[in-house]
Amino acid sequence: MTGKGGTGKTTVAAALAMSLAGRGRRVLLCEVEGRQGIAQLFDVPPLPYAERKIAVGPNGGEVFALAIDPEAALLEYLQMFYRLGRAGKALDRFGIIDFATTIAPGVRDVLLTGKVYEAARRRDKDNRFAYDAVVMDAPPTGRITRFLNVNSELAGLAKVGPIKRQAESIMTMMRAKSTRVHLVTVLEEMPVTETIDGIADLTREKLPVGHVVVNLIRPALISTPTRAALESGAVDAEKIGAALDSVGLPADAAAGLIDGGMAALHREDLETGQRAVLDDSGRPVVELPRLSGGIDLGALYELAGRLEILR
Amino acid sequence: MSRERPRVVIDNSSRGDRVDVEALLADRGTEIIVCCGSGGVGKTTTSAALALRAAEQGRTVCVLTIDPARRLAQSMGLTELDNTPRPVAGVEGAGSLDAMMLDMKRTFDEVVERHASPEKAQQILQNPFYIALSSSFAGTQEYMAMEKLGQLHAEKQYDLIVVDTPPSRSALDFLDAPERLSSLLDGRFLKLLLMPAKGPARLLSAGLGLVTGALNKVLGAQFLTDLQTFIAAFDTLFGGFRQRAEATFSLLQADETKFVVVAAPEPAAMREASYFVERLAGERMPLAGLVVNRVHSDADDGITTAGAEAASAQLRQRSDADADIAADLLAVRADRLAVSGREDHQRRSFATAHPSVPTVAVPALAADVHDLDGLRQIGDLLVGTP
């Protein structure tokens with residue numbers, strides 16, 4: 001799940017995870033930017049580098065959450081694939097772990113995508129997949145293609161060896177039919193422009209684009225007759241004032257209310273324009289409402305219900 | 001139809017000090033303004049608006065963006081921004097405004113070309129590790145932005161440089177870049193990597209053998225060789241890098257630099273803003289204040305959310321065209337009031353947690369800013385001109 005900052009990417013990712021966790025399914029929701037956005041959303045203490053159950057799905061499934069920490073992921077990786085217990089510590093002493101996770105460009109992204117790859121392929125003792133689905137709260141739209149594609153860069157760089165094989169397997173998974181990159185946006189110009197650019201970038205790198213999720217949709221408050229009256233300038237401030245007066249509100253508030261109505265019309269028109277741009281993107285669009293009470297668990301279930309189409 | 005404009009209520013006074021943006025821009029002692037904050041809060045627009053206003057007040061300004069989404073280009077109506085500052089057309093007054101977008105690879109190449117012999121430069125530029133590092137991997141841009149900022153400042157062609165940083169936590173890499181680079185260069189890892197290229201084998205202690213063995217196993221010998229060749233070739237440059245990185249870091253702490261934290265009145269963005277404010281204080285970086293963009297407000301005529309909702313419901317009971325219109329208008333008002341109430345709460349929480357941070361609220365505009373007029377309007381709102 002990617003999206004421009006401020007569009008509610010983390011919320012939508014969490015709602016999707018809950019939606020996917022129906023009927024006894026197990027879903028992993030992970031974040032990769034060290035922001036602890038999932039913990040804040042579910043109002044729990046900061047997530048450790050461990051998979052913790054954070055919610056149940058609508059029909060008894062389970063959602064686990066994980067905040068992927070690149071440093072821990074690297075040590076785990078070295079231990080898991082190379083049994084580098086002692087050498088891993090030596091690497092740490094030489095500042096290599098720090099170098100790899102904070103300084104060496106790209107390695108961080110490789111580790112983050114690598115951990116997601118590991119979780120997605122992990123099997124339990126009965127040889128079933130540990131998770132039925134993995135949802136990643138991914139970096140923003142402007143960086144998503146480079147982030148997901150980092151292993152392809154790496155595969156080109158490492159000509160032989162385990163790194164190359166690993167990087168190629170990750171890219172195969174990223175481009176597989178079972179992977180989808182969904183883009184979250186709001187009906188404003190810049191997020192929509194970035195979404196369109198993001199779709200083009202992802203498509204160029206053969207990364208599978210899923211839905212466009214239009215988040216925070218405002219309720220339509222202006223009826224067709226009111227719109228017609230406002231547009232034609234036929235709204236009479238005195239008559240509106242009289243109506244206000246009849247319900248105990250100050251009549252002189254009419255002018256301000258009419259201004260507010262005109263501004264709302266203008267906003268709706270801009271949104272209609274942006275909706276048309278998204279419709280032309282060729283990707284299926286799903287809309288989520290702006291929930292007036294803010295985001296709590298109940299709100300996440302409500303959004304999850306609307307995201308069933310993404311399954 | 002004559003009607004009195006309702007008083008707009010964005011309260012900039014009751015929550016601690018207001019950022020004196022006009023004085024900040026007019027002060028010739030301000031040579032660098034760094035705008036930071038999470039993504040999607042209007043940072044690029046704020047940077048551009050500050051830069052334009054300073055230019056139109058007579059200063060020689062350059063605005064530098066390192067955002068890959070070319071948003072500055074969009075908001076300034078420019079179609080091409082590359083690694084060279086280009087004059088922005090249509091700036092009024094005695095000053096001037098140049099804008100540039102950081103081209104990571106170009107900046108990196110320039111550093112190599114400037115500081116290495118032609119032969120060595122060629123060797124570095126063709127190394128596969130260098131090509132990947134300089135052009136395609138994320139994380140490099142923060143280093144290069146610092147490099148470019150230091151460069152522009154040293155050239156003294158501009159008396160004010162406004163920097164727009166990349167969104168989210170990676171903006172902190174921007175702060176960390178010089179420090180990290182320095183510690184890397186002094187670190188044992190670099191020495192280790194350089195060793196096979198220039199050191200005798202006797203230095204290879206048991207511990208080192210373990211490490212290079214591990215690296216070979218994980219990375220593959222070819223990868224490690226490329227990396228070593230690259231680092232060895234780069235060796236001569238690193239001294240200069242370190243010096244400049246340290247100089248830039250102290251420049252960020254100096255009096256001529258001011259940080260502006262940008263946010264939107266939403267929980268996530270305000271949380272990030274708190275994080276930035278605390279972090280800047282911890283690093284002794286000079287903070288000018290917080291800009292809260294896209295604050296919603298409505299006329300102050302005594303109508304409350306609950307009052308508007310109740311009256312709207314009441315008016316809908318009648319079958320009367322004007323009552324229906326009034327009901328719709330009141331529903332719009334109730335919605336707006338609810339929004340501004342939530343935003344107000346966010347701003348108050350921040351002010352309570354950070355009472356000493358001056359703040360300025362910028363009202364939401366109906367449409368995105370596309371041109372210089374839009375930026376001027378934002379500039380007016382930033383300084384509080386009606």
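Descriptive notes on the structure:
- Computed from label points 7 Å out along Cα-Cβ, the spacing between residue A:220 and residue A:276 is 1.6 nm.
- What the Cβ-Cβ distance of residue A:236 and residue B:366 gives, at R0 = 30 Å and to the nearest 0.05, is a FRET efficiency of 0.80.
- Model label sites at residue B:157 and residue B:256, defined 7 Å from Cα along the beta-carbon direction, differ in position by 1.6 nm.
- For residue A:134, the amide hydrogen comes within under 5 Å of the amide hydrogens of A:28, counting only partners 5 or more places away or on other chains and with H modelled in the peptide plane.
- Counting beta carbons within 10 Å around each of B:129, B:108, B:276 and listing the fewest first gives the order B:129, B:108, B:276.
- For the peptide A:248-255, the mean number of other protein chain Cβ atoms found within 10 angstrom of a residue's Cβ is 6.
- Build a GNM of chain A with springs between Cα atoms under 10 Å apart, and of A:244, A:154, A:29 the one that fluctuates most is A:244.
- Counting only the Cα atoms, the stretch B:279-319 fills a convex hull of 140 Å³ per residue.
- MRE, 222 nm, helices only [DSSP H, n ≥ 4, -39500 (n - 2.57), over chain A, to nearest 500]: -15500 deg cm²/dmol
- Set A:9/A:164; A:53/A:115; A:115/A:177; A:125/A:164; A:206/B:148 screened for pairs whose C-alpha atoms are more than 26 Å apart: A:9/A:164; A:125/A:164; A:206/B:148
- Choice from A:164, A:177, A:115 showing the highest fluctuation, given a GNM over chain A with Cα pairs closer than 10 Å: A:177
- Cα centroid of the stretch A:198-243 to Cα centroid of the stretch A:144-193, whole Å: 33 Å
- Cα Rg over Rh - chain A, Kirkwood: 1.10
- The ranking of A:311, B:376 from fewest to most other beta carbons within 10 Å of each one's beta carbon is A:311, B:376.
- Projecting label points 7 angstrom from Cα along Cα→Cβ for residue A:56 and residue B:23 puts them 5.9 nm apart.
- Here's the list of aspartates and glutamates a cross-link from residue B:258 could span, going by alpha-carbon distance under 14 Å and ignoring same-chain residues fewer than 8 apart: B:20, B:22, B:27, B:31, B:159, B:164, B:283.
- Extension gain from residue A:172 to residue A:197, taking 0.36 nm per residue of separation minus the Cα-Cα distance: 6.7 nm
No value in this document is a laboratory result; all are computed from the given coordinates. As the structure is a computational prediction, the values presented were derived from the model and not from experiment. Neighbour counts are summed over all protein chains in view; Cβ atoms, including those assigned to glycine, are modelled from backbone coordinates with ideal geometry.
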